[in-house]
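The values are calculated or read from the model by the stated rules, or taken from the named source; none is laboratory data. Bear in mind that the values here come from a model prediction, so they are computed numbers and not experimental data. Cβ sites come from the backbone with ideal geometry, for glycine too, and all protein chains shown count toward neighbours.
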Amino acid sequence: MATKLPETMRGQFLEAYKQPYQLCTVPIPEPSHPDDVLIRVDAASYCHTDYVLAEGQMPGFPNSFPHIGCHEFAGTIVSHSARPSPDAVRFKIGTRVGVTGRAFHACRECFECQGCKDPIAEDEKGYSVHCTRAENNGISKDGGFAEYAVVDSRQLAPIPDKLSAAETAPLMCAGITIYAALKRCQLGSGDRVAIMGAGGGLGHLGLQYATKMGFKVLGIDAADGPLSLARSLDTGARIIDARSEKAADVVQQLGVEDGKRDLGEKGVDAVIILPESQAAFDYGMTLLKSHGKCVVVSFPEAGFHMSSRDIVFRDISIIGSLVGSNRTLREMLNFSADHGIRAVAKSFPLSGLNTLVEDYHKGGGGKLVVDMSL
Ligand SMILES: [Zn+2]
Ligand SMILES: [Zn+2]
């Protein structure tokens, strides 16, 4: 067991939908399941889904109030359960780990856990991020906006030495999601990919991953703050303001650069849709070459309208991307450490979570992170 811990912790609680978080002091939770470990949370990052959940737009979640949000965080192992499983003891006390929202207590038995059909999300047999019976830290059950959290050792990734906790937390949902979406594009070196919403939390990480993966990258956005953030990264990606450059004109320019004559061979090989707007979806579809891939990550309440003609006559594939496997999670963290990939992040103390949320609504781009050392 661990070194002596305090008996209570501070946490930011959601007590009802559409209400600010409340800072409360409560007993520290105890790991009771053999796979569980207790971590001291070092950093916890805010995701759009935290907002969607708090607004009551995920019916049935959380399981109960009061609720501690945050499904992308990082911390240090401080204790195991009384009878830890082999998976749990692999993580020694003091190990720094990143925690994703999926999947807490994957059941080992359902069709997803027994054989995932998605190669990007496939893990060792017995564990699936798509498990139909699993819980999720920060969504169904408590997450990382607190000083301590109980997490499932099977969902963790060790943090590489080169990354701090505050650098790791924003990668645990935003980073893995955009990294996996890029893998789903199945591109080769030198292929072209466009990222719609390039200055947002996922997008600005996507610009960094995609250029380091060796692709020719277009980053598109339609707001001043995110555009300047995307430009400031200096990734070598071409940043486009969708308000002033039409997609059809961009396609023609790419055709000239690539020495292509026919319309169907001009444009990008894949596009990733991060914003919830129909205009962004339409812009991305226009950028695609014939036989291109449209990878959809956002899920607006009203859905997207898509042209059957694009799918039939231009042979565009439209595929969704939810998340990557824990194997991909570890690969993504190592890739981030090796290539110096970092979220542009603004940090807040735990007590400043409601100020963080206000900042989020200003829409400046990048990521907002609670840093427990502040
Ligand atoms: Zn998220
Ligand atoms: Zn399962």
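Determine whether region 110-124 contains at least one residue that is closer than 30 Å to S373 by Cβ, crowded, with 20+ Cβ neighbours inside 10 Å, within 16 Å of ligand 2 (Cβ to nearest atom) and touching a residue at least 40 places away in the same chain (Cβ under 8 Å). Give the derivation first.
Kept after step one, since they are closer than 30 Å to S373 by Cβ, are these residues of region 110-124: none.
Scanning region 110-124 turns up no residue that is closer than 30 Å to S373 by Cβ, crowded, with 20+ Cβ neighbours inside 10 Å, within 16 Å of ligand 2 (Cβ to nearest atom) and touching a residue at least 40 places away in the same chain (Cβ under 8 Å).
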Give region 326-344 a look and list any residue that's buried (at least 18 other Cβ atoms within 10 Å of the Cβ) and not in a helix (DSSP H, G or I), or say none.
I341, R342, A343, V344
Can you confirm whether region 92-106 contains a residue that is of a type in the set (V, I, T), in a loop (DSSP other than H, G, I, E, B), away from ligand 1 (no atom under 15 Å from the Cβ) and surrounded by fewer than 20 Cβ atoms within 10 Å (Cβ to Cβ)?
yes
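Which residue, of D35, D42, is modelled with pLDDT of 95 or more, over 19 Å from P349 (Cα atoms) and of a type in the set (D, E)? Full working, then the answer.
Working: D42 fails: over 19 Å from P349 (Cα atoms).
Every option except D35 fails the conditions.
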Residues of region 221-262 being surrounded by fewer than 19 Cβ atoms within 10 Å (Cβ to Cβ) and part of a strand (DSSP E or B), which ones?
R238, D241
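Please work out if A54 is within 16 Å of ligand 1 (Cβ to nearest atom) and within 20 Å of S321 (Cα to Cα).
Details: within 16 Å of ligand 1 (Cβ to nearest atom): yes; within 20 Å of S321 (Cα to Cα): no.
For A54, the condition - within 16 Å of ligand 1 (Cβ to nearest atom) and within 20 Å of S321 (Cα to Cα) - is not met.
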Sort out which residues of region 57-67 are more than 15 Å from ligand 1 (Cβ to nearest atom) and crowded, with 16+ Cβ neighbours inside 10 Å, and write them in order of number.
P66, H67
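Identify the residue in region 283-301 that is of a type in the set (G, A, S) and surrounded by fewer than 24 Cβ atoms within 10 Å (Cβ to Cβ) and, among all such residues, is modelled with the lowest pLDDT.
In the first step, residues of region 283-301 are kept if they are of a type in the set (G, A, S); the result is 284, 290, 292, 298.
Filter once more, keeping what is surrounded by fewer than 24 Cβ atoms within 10 Å (Cβ to Cβ): 290, 298.
On the way: S290: 98, S298: 93.
That would be S298.
Return the residue satisfying two criteria in turn: it lies in region 163-188 and is of a type in the set (S, T, N, Q) and farther than 15 Å from V41 by Cα, and of such residues it is farthest from ligand 1 (Cβ to nearest atom).
Here the answer is Q186.
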Which members of region 90-115 meet the condition of being among the basic types (K, R) and modelled with pLDDT of 90 or more?
R90, K92, R96, R108
Does region 300-330 hold any residues that are within 30 Å of P158 (Cα to Cα) and free of Cβ contacts under 8 Å to residues at least 40 places away in the same chain, and which are they?
G320
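What are the residues in region 273-304 that are in a strand (DSSP E or B) and either of a type in the set (G, A, S) or at negative phi (or both), if any? Write out each step before concluding.
Our first condition is that a residue be in a strand (DSSP E or B); within region 273-304, this holds for 273, 288-296.
If the condition is that a residue be in a strand (DSSP E or B) and either of a type in the set (G, A, S) or at negative phi (or both), then I273, L288, K289, S290, G292, K293, C294, V295, V296 are the ones that fit.
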